[in-house]
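Just below is one structure, and these are the notes that go with it.
Values quoted throughout were computed directly from the atomic coordinates according to the rules given, and no laboratory measurement underlies them. All of these numbers come straight from a predicted model, not from anything done at the bench. Quick reminder, even Gly has a Cβ in these numbers, built from the backbone with ideal geometry, and neighbours come from all protein chains shown.
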Amino acid sequence: MFAVELEFSGDPARLELRAGHRSKLAALHEAGRLRLAGPWADESGALLVFDVPNEAAVREILADDPYYRAIGVTVARNRRVERRRRPGRQIGVIGASNSA
């Protein structure tokens with residue numbers, strides 16, 4: 001998995017591309033390639049978590065969506081998230097309930 005952090009400036013130009021961007025995110029989620037996406041509470045940026053095998057797949061997703069190149073949007077970080085399993089412990093999954 002990979003976590004991508006976006007930073008937003010005050011420029012509203014990105015908003016023109018947001019509807020198309022959200023459609024692309026919905027399709028990625030339906031395909032099982034997007035685990036989580038949403039803005040920070042202060043609207044200064046957003047976090048996206050992609051369930052893809054490698055960084056090349058993340059780059060392909062980012063290249064396919066003009067939103068990531070819009071004025072006012074900066075891809076601040078793209079980091080691999082390591083899944084670790086410990087014997088006898090269940091791993092929490094973003095977006096899933098871990099309650100018994």
What is the gain in length, in nm to one decimal, between ALA27 and GLU55 on full extension, counting 0.36 nm per residue of separation less the C-alpha to C-alpha distance? 8.2 nm
With θ set to phi - 60° and the Karplus curve 6.51 cos²θ - 1.76 cosθ + 1.60, what are the ³J(HN,Hα) couplings of segment 63-74 in order, to the nearest whole Hz, using x for Gly and Pro? 5, 7, 10, x, 4, 5, 9, 5, 4, x, 10, 10
Order the peptides 63-76, 7-20 from the highest to the lowest mean number of other Cβ atoms within 10 Å of their residues. 63-76, 7-20
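Where the eigenvalues come from the Cα gyration tensor of segment 2-80, what are the semi-axes √(5λ) of the equivalent ellipsoid, largest first, in whole Å?
19, 13, 12
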hull vol. (C-alpha, convex hull) per residue for segment 17-59, Å³ -> 83
